[in-house]
Amino acid sequence: MSGDERYTIGDLARRTGLSVKTIRYYADSGIVPPTDRSPAGYRLFDAEAVARLELVRTLRDLGVDLTSIRRVVDREVPLRDVAATHAQALAAQIRVLRLRQAVLTVAARRGAGPAEVDDLHRLARLTARERSQLVDDFLASVFTGDPPTYPGVLVSMTPELPEDPTAEQVQAWVELAELCRDPAFRASMRRLARQHAADNDVPGLPRPDAVAVVRDGVAGALAAGLDPAGPEAEPVVAAVTSRYARLRGLPDDADLRRRLLDRLVLANDPRRDRYLDLLSVINGWSGGGAVAPAVDWFIRALHARMPVGAGTQPNQVIA
């Protein structure tokens with residue numbers, strides 16, 4: 001393309017892929033004015049006009065409005081300023097779209113009705129302050145009268161939705177917020193908190209609670225696929241109950257096993273694992289913290305070794 005060449009609107013349409021009508025509009029509006037005219041009166045454009053048109057096309061493809069484009073090509077404002085402004089606007093639009101996508105995804109997965117969709121949308125649009133208030137209220141209800149054994153418990157249970165969350169994080173927040181508002185889940189978590197406090201009533205540093213002892217003690221058995229009712233599980237059960245007894249300062253007897261069983265049945269609530277999974281997504285933590293498989297395995301192992309009618313049934317979950 002030489003500096004002396006002239007191009008018609010048809011030439012520009014073939015070169016840029018824009019329609020003749022669009023190029024004519026840009027020419028008529030002064031965004032890409034013609035360089036001169038042919039003897040027959042046709043508009044002609046030089047190489048600079050072609051470059052200007054290509055910039056206009058690129059900016060339009062990026063969603064920049066024509067008013068801003070005109071100011072850029074007329075050199076009234078630097079391109080970087082317009083680019084920065086529109087990038088910020090697009091970021092805001094993307095956040096809104098992610099929120100909408102998250103709500104619609106959850107609604108579609110559940111087959112939600114109009115009222116539930118409205119509630120999901122409201123939860124997704126809560127401000128940072130409103131989210132914090134909801135979570136604080138939940139944690140206050142869980143630890144009412146029983147402050148955590150150590151402050152890190154509250155931190156480890158608190159979701160922090162990023163300023164620019166992904167659609168997955170928004171989905172996780174909506175579901176977690178529903179759990180926080182659920183009275184049955186609050187009551188279950190409150191009982192778990194009291195159980196944890198009772199398991200740390202021995203003076204000294206915080207000790208692993210029943211769930212932590214079981215999770216650590218049966219990991220190998222789970223990986224090996226051992227039958228909890230089989231004889232090969234006996235050493236695993238003995239090791240777990242022995243460790244729990246030492247930590248509690250109690251004898252490893254039938255009473256301790258019933259105490260341990262009661263605690264595990266209470267903890268065997270899938271909503272607890274779900275809360276922790278959602279918390280990991282929201283906070284960007286690594287997952288893999290589910291304890292339900294270990295707890296369920298050990299409950300079955302204990303039941304297989306207790307007299308008929310003693311303790312809670314293996315699949316019973318206290319709501």
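The values are calculated or read from the model by the stated rules, or taken from the named source; none is laboratory data. What you are looking at is a predicted structure, and each value in this text was computed from that prediction instead of being measured. Using ideal geometry, Cβ is built from the backbone for each residue, glycine included, and neighbour counts are taken over all protein chains shown. Surface areas here come from the heavy atoms of the whole protein model, side chains and all, with no ligands, DNA or RNA. Shrake-Rupley method; radii C 1.70, N 1.55, O 1.52, S 1.80 Å.
Values computed for the structure shown
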item: Whole-number accessible area per residue in Å² for the chain, which is evaluated in the context of all protein chains at 1.4 Å; result: 54 Å²
item: Using a Förster distance of 51 Å, the FRET efficiency for A239-E116 (Cβ separation, nearest 0.05); result: 0.65
item: Two-site label geometry, R100 and S286: point separation in nm, points 7 Å out along Cα→Cβ; result: 3.8 nm
item: Residues in the stretch 71-88 reached by a label modelled at T16 [backbone nitrogen below 17 Å; 7 Å Cα→Cβ]; result: 71-75
item: Evaluated over the chain, the Cα radius of gyration and Dmax, each in Å; result: 32.6, 109
item: Rounded percent of accessible protein surface that carbon and sulfur make up, the chain, 1.4 Å probe; result: 54 percent
item: Intensity falloff of the stretch 1-124 expressed as log10 I(q)/I(0), Debye formula with alpha-carbon point scatterers, at q = 0.09, 0.12, 0.22 Å⁻¹; result: -0.44, -0.61, -1.18
item: Exposure rule at most 10 other beta-carbon atoms within 10 Å, DSSP loop GluC sites (Glu not before Pro): the chain longest free segment; result: 164-319
item: Alpha-carbon radius of gyration plus Dmax, which is the widest Cα pair, for the stretch 213-311 in Å; result: 14.4, 45
item: In degrees, nearest ten, helix 167-181 long axis to first principal axis of the chain (Cα); result: 40 degrees
